[in-house]
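The values are calculated or read from the model by the stated rules, or taken from the named source; none is laboratory data. Since the model is a prediction, treat every value here as computed from it, not as a measurement. Counting neighbours? That spans all protein chains shown, and the Cβs are built from the backbone with ideal geometry, glycine included. The protein model used for the area step is the full one, side chains on, heavy atoms only, and it has no ligands, DNA or RNA in it. Shrake-Rupley method; radii C 1.70, N 1.55, O 1.52, S 1.80 Å.
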Amino acid sequence: MSHSAHSEGRTTLADYRSALTAPGSRGPVIASVLARLPIAMIGISALLYVQRETGSFAAAGLVSASSLAGVSVGAVVQGRLIDRFGPTRPLLVTAVLFALSMASLAVAIEAHAATFALVALAAATGLSEPMVGSASRALWTKLLPEGSARNAAFSYEAISMEVFFILGPGIAGLLITAPWPGTGMVAGALAMVTGAVLFALSPTVRAWGPAPKTNAPLLGALASPGMRTLALAALGFGVVIGFVEVAVPAAATESGHASLSGLLLSAWSLSSVAFGVAYSLHPWPRRLGLRLPVLLGGFGALVALLALPSTLWALALLMLLAGAMITPQSTTHSAAIEVVAPRGTAAEAFGWVLTAVTLGLAAGQSVSGYLVEHSGTAAAFLAAGVAGVVLAGVVWLLRDTVRATAPTALDPDLVAA
């Protein structure tokens, strides 16, 4: 790859092939696909399941938000444990705890337990959700040297997640019509537990030994100012998506086509993957500190347009347009971690990004549920857009903090004007 291409963080299709065929990568890649595929499926299935049983989008939004809040804590804790001890033991323990908490949540929903009980159990499922994504991303730093192939591996992680967000909501929307509405939630949990166990026990992952003890700061990866700016950008990204994930099912229900909610949510992931691959070949803006606010601001502006349509077809078309901004943000977040995170904190740094996104999702879903019931779906879409643009402005003010904290293989032009 040319010097300029490398300095812009570009990748080629050959780099993707090199990464995915690297020695020792096949087993973990396949297992991580199984573990991560249900991420969106479980969340949407649980939201639709609770709404079906309680009749309230507000209650469903609170339960979903509670699960995401649990994930936000679990992601950082597990990330730090994975960096310290390797992935095998943390993932095996959390897989068992996750299976138990998901079974308890399903029983509670069936028993029509009080909302506060559902919220508490949902928090437990999120807290114990196996963080295969953090471990999978960090594993590439063990398998590949710094350079274009590793960059391609990180792009693959982000793009594959969008594929899962295409399939997950669609599957959830179909399975909510099954004889038992909890089918999607339980099937997703089984897939996640199975994938996490297979990933943890794969030879490559088991060879990842404990890291040497270091005097790491209390905040870990978040001690870096650039890491905090990245987390803020990820928070805004999650807030916007959280609003939409409640407003879209509500719009579908209002129109009398509730079963289309999952397919509608899949619509913007379709354009996200297609545009995301093209974007990884020619990212813009060149400087990461500018790329973060530009992409977030554009995303917020496009989501605000979702308040305009009066039909589901028009809504789906505008979601395709807004979705083009999703994967570029995910790949930019991943690229920025390599620049701003202190060395030896790869899994934890990704955990902080995931925490920021999930906290944003939780906040967006909670507020969106309230707005949908009291002001309508258009108000929720407009609020999402405003939140995205405002947070993008804050990230823009902090753009100069996105710089390397240690020597890196990336060209300085990528992080400095």
Query - Checking PHE350 against (1) at pLDDT 90 or above; (2) surrounded by 24 or more Cβ atoms within 10 Å (Cβ to Cβ), the condition it does not meet - result: (1)
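Determine, yes or no, whether THR194 is within 26 Å of MET41 (Cα to Cα), surrounded by fewer than 17 Cβ atoms within 10 Å (Cβ to Cβ) and β-branched (Val, Ile, Thr). Quick ask: steps written out before the conclusion?
Values: within 26 Å of MET41 (Cα to Cα): yes; surrounded by fewer than 17 Cβ atoms within 10 Å (Cβ to Cβ): yes; β-branched (Val, Ile, Thr): yes.
Against the criterion (within 26 Å of MET41 (Cα to Cα), surrounded by fewer than 17 Cβ atoms within 10 Å (Cβ to Cβ) and β-branched (Val, Ile, Thr)), THR194 qualifies.
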Query raised in the report: Name the residues in the range 23-43 that are open to solvent by less than 10 Å² (accessible area, probe 1.4 Å) and touching a Leu at 6+ places or on another chain (Cβ under 7 Å), would you?
Result: SER25, PRO28, ALA31
Requested in this report: Scan the range 264-289 and report the pairs whose first residue is within 29 Å of ALA251 (Cβ to Cβ) and whose second residue is crowded, with 17+ Cβ neighbours inside 10 Å and of a type in the set (D, E, K, R), with Cβ atoms within less than 7 Å and a gap of 6+ or a chain change.
Outcome: LEU265/GLU245; SER269/GLU162; SER272/GLU162; VAL273/GLU162; GLY276/GLU162
Report task. Taking ALA60 as the residue in question, decide whether it is without any contact (Cβ under 8 Å) to a residue 40 or more places away in the chain and open to solvent by less than 40 Å² (accessible area, probe 1.4 Å). Result -> no
Query raised in the report: Within the range 167-175, is even one residue small (Gly, Ala, Ser), at pLDDT below 90 and open to solvent by 30 Å² or more (accessible area, probe 1.4 Å)?
Result: no
Query raised in the report: Given the conditions (1) open to solvent by 10 Å² or more (accessible area, probe 1.4 Å); (2) in a helix (DSSP H, G or I); (3) out of contact with any Gly (no Cβ under 6 Å at 6 or more places or on another chain), and given that VAL248 satisfies all but one, which numbered condition is not satisfied?
Result: (1)
Query raised in the report: Just checking, how many residues over the range 342-353 are of a type in the set (A, V, I, L, M, F, W, C) and in contact with an Asp or Glu (Cβ under 8 Å, 6 or more places away or on another chain)?
Result: 2
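Within the range 103-144, which residues are aromatic (Phe, Trp, Tyr) and either in contact with a Gly (Cβ under 9 Å, 6 or more places away or on another chain) or farther than 30 Å from GLY27 by Cβ (or both)?
From the range 103-144, those aromatic (Phe, Trp, Tyr) are 116, 140; that's our starting set.
If the condition is that a residue be aromatic (Phe, Trp, Tyr) and either in contact with a Gly (Cβ under 9 Å, 6 or more places away or on another chain) or farther than 30 Å from GLY27 by Cβ (or both), then PHE116 is the only one that fits.
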Query raised in the report: So which residues in the range 169-200 are among the polar types (S, T, N, Q) and under 18 Å from GLN51 (Cβ atoms)?
Result: THR177, THR183
Query raised in the report: Going by the conditions given, is SER266 of a type in the set (S, T, N, Q), over 22 Å from SER45 (Cβ atoms) and surrounded by 15 or more Cβ atoms within 10 Å (Cβ to Cβ)?
Result: no
Query raised in the report: How many residues does the range 372-406 hold that are closer than 21 Å to LEU315 by Cα and either touching a residue at least 40 places away in the same chain (Cβ under 8 Å) or touching a Leu at 6+ places or on another chain (Cβ under 7 Å) (or both)?
Result: 15
Requested in this report: Count, please, the residues in the range 79-125 that happen to be closer than 29 Å to THR345 by Cβ and of a type in the set (Phe, Trp, Tyr).
Outcome: 2
**Report entry** Meets criteria (surrounded by fewer than 18 Cβ atoms within 10 Å (Cβ to Cβ) and among the aliphatic types (A, V, I, L, M)) for LEU288
**Finding:** no
Query raised in the report: Restricting the range 361-405 to residues that are aliphatic (A, V, I, L, M), touching a Gly at 6+ places or on another chain (Cβ under 6 Å) and at pLDDT below 95, which is most open to solvent (accessible area, probe 1.4 Å)?
Result: LEU361
Requested in this report: Give me a count of the residues in the range 225-235 that are open to solvent by less than 10 Å² (accessible area, probe 1.4 Å), modelled with pLDDT of 95 or more and either out of contact with any Pro (no Cβ under 9 Å at 6 or more places or on another chain) or under 19 Å from ALA307 (Cα atoms) (or both).
Outcome: 3
